[in-house]
Structures are given as C-alpha cells and as structure tokens.
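Novice: Encoded as structure tokens, here's the structure I'll be asking about.
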Amino acid sequence: MITREEISQLIAEYNLKRLAIGTIGSHSALNIFKGAKEEGFKTVCICRESDTIVYKKFPLADEIIIVSNFAELLDDKVQEKLRRFNTIIVPHGSFTAYLSTEELMNRFYVPMFGNRQLLRWEADREKQAEWLRRAGLRLPKTFKNPEEINCLVIAKLPGAKGGRGYFLANSTEAFQKKVGEMIRRGLLKKEDVAHIHLQEYVLGVNVYPHYFSSIIHDDVEFLGVDKRYESAVDAIGRVPAAEQLEIDVSPTYTIVGNIPLTLRESLLPELLRMGDNVQKTAKELAPPGIIGPFCLETVVTDNLEIYTFEISARIVAGTNVGIGTSPYAYLKYGEKMYTGRRIALEIKEALRKGRIRDVVA
Ligand SMILES: Nc1ncnc2c1ncn2[C@@H]1O[C@H](COP(=O)(O)OP(=O)(O)OP(=O)(O)O)[C@@H](O)[C@H]1O
Ligand SMILES: [Mg+2]
C-alpha cells in the first residue's frame, strides 16, 4: 500500500511552479483537461494510438504519452515520465476499469488527486453499502439467497461493467429459469451464480447528483445532476408491448451518454444532506474522506423517495454534461464552472495555501 508519506516525498521532488494535470484519454478527460487549462495548468494525456484523434481535434493535451494498453501505467518508464512532467493524476472511471484496486493502491507511484484509501471502500459492493448505510442513506433491499426473492429484483453479475448482462426477475422460479438460460447461452458461468448480487428493483427514474468535497474549504458542493441514456433499456419503450413479448426483450444498461437534469427544488434539501453525510462518514472511514468529486447513483420513486444504489468517489462521466456550466454550478460560481475546472481550482488553491499534500494521495 502506497502511503501518503511516500506521495508527499514524490511531491517534494516536484517543481510546483510547473505542475501538470494528467489523466487517461477517455471517460471525462476532455472535461478534466479543459478545466486544467482554464486554471492555467499544463496537461498530460495517457492515450491509446487509436484515440489520439480526440486530442488532436480538441487540442487540450500539452503532452501525450502513447500506450498500447492502459496497464502500462504500471510500467516504471511511464510513471517516471509522468513524474518528470510534475503530474498530478486525476483518476476517473477508466482507471478502475483497466487497473485493479490493488494495482492502483500498491503500484502506481504518481500523486493522485483524491484519497487512495477510499478505493478499497468503493471497490467492494458490501463495503460500499455499509458506507452508504452509515451515512443514513436509503438503500434498495438486498437478498442473500434467491429463495428470499419476494419482489421484482435486479440481478447484478459480478464484475459486470456498465450493467451488461444484468437482468430482472420477479420470483425465485423466474430467477432460476433466467440463470439456467444464461448458463446455456454461455453468458454466465455456473461458479458465478453464487456471486450474483440480488437487489430490490426500485421503480422510479434515475438521478445522478454530482458533488465536490473541498478539503480546502471543508465543504461539500453540489455541482450538477445527470441521468443516463442506456442501451437497450431506453429503447424498449419504443417497441409496442405485443412485439416486446414476441421478441422476449430484456433490459440491458450499456451506457451510451448522459443527459443533463435539473430537479424539483424540494428534492434538494435531502440530496444536499446526503452529500454532507456521505463525506462525514468517509472522514471516519479514511480521513480526510473524499477529496474532490463524487457521485451518487440514485432512483427516485413517485413518492419522491430517494434510493441510492452506488457511489463513485471520483469524477464520473455524467459530469461531462456540465462542461462549460451547469445550472447548479452557475448558482454558486456564475459562469464557466464545472467538475474538471473545480478540480483544477482546488489544486490551485491548495498550492497557494501551501497545502498541496492535503489534496493528493
Ligand atoms: N436497485 C435498482 N433499481 C432500479 N434500477 C437499478 C437498480 N440498480 C441499478 N439499476 C439500473 O441499472 C443500471 C446499471 O446498474 P449499476 O449502476 O449498478 O451498474 P454498474 O455495473 O455499476 O454500471 P456503472 O459502472 O456504469 O455504474 C443503472 O444505471 C440503473 O438504471
Ligand atoms: Mg453504477
């Protein structure tokens, strides 16, 4: 486990006047780079050859490090280069998608904006639930055993990314039948069945609030909200019911994009308190808690109950809807504030106050 002291030592060797902000070229990289540029930082993009077109058409990366595979972030050569550019890495969803939690915690010797210790809490579904419950959030019920299913459930396959292969079931029998089919079709391994996570399916609309935990200001800010545009679930409503039955569709949740959202104002008090409480609990779990952006994944029912089923303790791609500005960022900051820029601003303020070590790990 790389300690904060080790990261402090790396920072001690940095030229803080020439700090760069770096990330993997995907997910929310444009958001992060634009924000860094607007706050006067240099930028470094770790990129696959086939994706360089993005950073040519949107020239926001001052340095591009080409890799054939993002696992090369673990190579000494790449890490040395990043340190030579005085890079602070802003982690996003691609980091955990391509590297394991262990690799990020133990083998990535580059300062990261954020709290590495929390990765462990985020990576594990049970630990996440414990964190959110301790923060007083409302969670969907979970079922340890398929025999207990007594409502519509969403079955989450282990290691599935972006909800691929998730399915719904209304009873124990329906669950067993679907599992049988999936095994037969090679979509599921027998040994994985015991690891399927069964969660009450909450009927409502999805709402993803974006927060920013500022260590410098000791405050949790509310910067925006999005909802997801998911294939095929968002397409099913366009097929009439009769044909749906004929083709036996089941919803899948491959994320294609995000849609900006504003909420009825009466939802804000609870959402704001939720953000504060998540950070308060995080502080107890792994001080100083979340450093920078985080997002909750929620479903809001017709009773206006907010159910949280996941947390990301880092920038999420949904914040891309706020590039430029979002209504909520506007309310606090006026124009031109968004998550990527808010990160750079926090780094800048930390530098000015001699507290850069407080925002990296
Ligand atoms: N308990 C639930 N009730 C209703 N819908 C849910 C529930 N859990 C998940 N969903 C729906 O399924 C989608 C995918 O779920 P989830 O976010 O858990 O997958 P994931 O693998 O974590 O994906 P990602 O990493 O992209 O967030 C969600 O966006 C949401 O629309
Ligand atoms: Mg999710």
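The values are calculated or read from the model by the stated rules, or taken from the named source; none is laboratory data. Worth saying up front: this structure is predicted, and the values here are computed from it rather than measured. Cβ placement follows ideal geometry from the backbone for every residue including glycine, while neighbour counts extend to all protein chains displayed.
Novice: Can you name the residue in region 89-100 that is buried (at least 16 other Cβ atoms within 10 Å of the Cβ) and polar (S, T, N, Q) and, of all such residues, is farthest from residue 339 (Cα to Cα)?
Specialist: 96
Novice: State whether one or more residues within region 310-329 are more than 16 Å from residue 212 (Cβ to Cβ) and either of a type in the set (D, E, K, R) or at pLDDT below 95 (or both).
Specialist: Yes; the residues of region 310-329 include at least one that is more than 16 Å from residue 212 (Cβ to Cβ) and either of a type in the set (D, E, K, R) or at pLDDT below 95 (or both).
Novice: Could you give every pair whose Cβ atoms fall below 8 Å, whose first residue belongs to region 188-206 and is surrounded by 16 or more Cβ atoms within 10 Å (Cβ to Cβ) and assigned to a strand (DSSP E or B), and whose second residue is of a type in the set (Lys, Arg) and at pLDDT 95 or above, counting only separations of at least 6 or pairs across chains?
Specialist: Once the first residue is surrounded by 16 or more Cβ atoms within 10 Å (Cβ to Cβ) and assigned to a strand (DSSP E or B) and sits in region 188-206, its partners that are of a type in the set (Lys, Arg) and at pLDDT 95 or above give 199/141; 200/141; 206/227; 206/228.
Novice: When region 68-110 is examined, which residues are found to be within 21 Å of the chain's Cα centre (by Cα), of a type in the set (A, V, I, L, M, F, W, C) and not in a helix (DSSP H, G or I)?
Specialist: 88, 89, 90, 99, 108, 110
Novice: Kindly list the number of the only condition in (1) modelled with pLDDT of 95 or more; (2) surrounded by fewer than 20 Cβ atoms within 10 Å (Cβ to Cβ) that fails for residue 291.
Specialist: All conditions are met except number (2).
Novice: For region 157-196, how many residues meet the condition of being farther than 23 Å from residue 297 by Cβ and of a type in the set (Gly, Ala, Ser)?
Specialist: 5
Novice: Tell me whether region 75-87 contains one or more residues that are within 16 Å of ligand 1 (Cβ to nearest atom) and out of contact with any Cys (no Cβ under 7 Å at 6 or more places or on another chain).
Specialist: At the first step, the residues of region 75-87 found to be within 16 Å of ligand 1 (Cβ to nearest atom) are none.
There is no residue in region 75-87 that is within 16 Å of ligand 1 (Cβ to nearest atom) and out of contact with any Cys (no Cβ under 7 Å at 6 or more places or on another chain).
Novice: Within region 309-344, track down each residue that is of a type in the set (Lys, Arg) and away from ligand 2 (no atom under 16 Å from the Cβ).
Specialist: The answer is 332, 336, 341, 342.
Novice: Any chance you could count how many residues in region 141-164 are within 16 Å of ligand 2 (Cβ to nearest atom), crowded, with 19+ Cβ neighbours inside 10 Å and outside any strand (DSSP E or B)?
Specialist: Residues in region 141-164 being within 16 Å of ligand 2 (Cβ to nearest atom), crowded, with 19+ Cβ neighbours inside 10 Å and outside any strand (DSSP E or B): 1 in total.
Novice: Which members of region 247-275 meet the condition of being under 18 Å from the mean Cα position of the chain (by Cα) and in a helix (DSSP H, G or I)?
Specialist: 271, 274, 275
Novice: Take the conditions out of contact with any Leu (no Cβ under 8 Å at 6 or more places or on another chain), over 29 Å from residue 163 (Cβ atoms) and among the β-branched types (Val, Ile, Thr) and apply them to residue 360. Does it pass?
Specialist: Spelling it out, residue 360 is indeed out of contact with any Leu (no Cβ under 8 Å at 6 or more places or on another chain), over 29 Å from residue 163 (Cβ atoms) and among the β-branched types (Val, Ile, Thr).
Novice: Same structure again: Working only within region 136-157, note down all residues that are more than 12 Å from ligand 1 (Cβ to nearest atom), more than 13 Å from residue 310 (Cβ to Cβ) and either of a type in the set (A, V, I, L, M) or touching a Pro at 6+ places or on another chain (Cβ under 7 Å) (or both).
Specialist: Residues of region 136-157 that are more than 12 Å from ligand 1 (Cβ to nearest atom), as a first pass: 136-137, 144-150.
The next check asks that each one be more than 13 Å from residue 310 (Cβ to Cβ); those that pass are 136, 144-150.
Correct list: 149 only.
Novice: Here's another thing I want to ask about it. Exactly one condition in (1) touching a Gly at 6+ places or on another chain (Cβ under 9 Å); (2) more than 16 Å from ligand 2 (Cβ to nearest atom) is not met by residue 226; state its number.
Specialist: Result: residue 226 fails condition (2) only.
Novice: If you go through region 227-241 one residue at a time, how many are in a helix (DSSP H, G or I) and of a type in the set (Val, Ile, Thr)?
Specialist: Of the residues in region 227-241, 2 are in a helix (DSSP H, G or I) and of a type in the set (Val, Ile, Thr).
Novice: For the subset of region 139-176 comprising residues that are of a type in the set (Lys, Arg) and at pLDDT below 95, which member is farthest from residue 201 (Cα to Cα)? Don't jump to the end; show me each part of the working.
Specialist: The first filter runs over region 139-176 and keeps only residues of a type in the set (Lys, Arg), leaving 141, 144, 156, 161, 164.
Pick out the ones that are also at pLDDT below 95 and you get 144, 156, 161, 164.
Working: 144: 15, 156: 11, 161: 18, 164: 16 Å.
Per the criteria, the residue is 161.
Novice: Being over 22 Å from residue 133 (Cβ atoms) and either within 16 Å of ligand 2 (Cβ to nearest atom) or not in a loop (DSSP other than H, G, I, E, B) (or both) is the requirement here; does residue 244 meet it?
Specialist: yes
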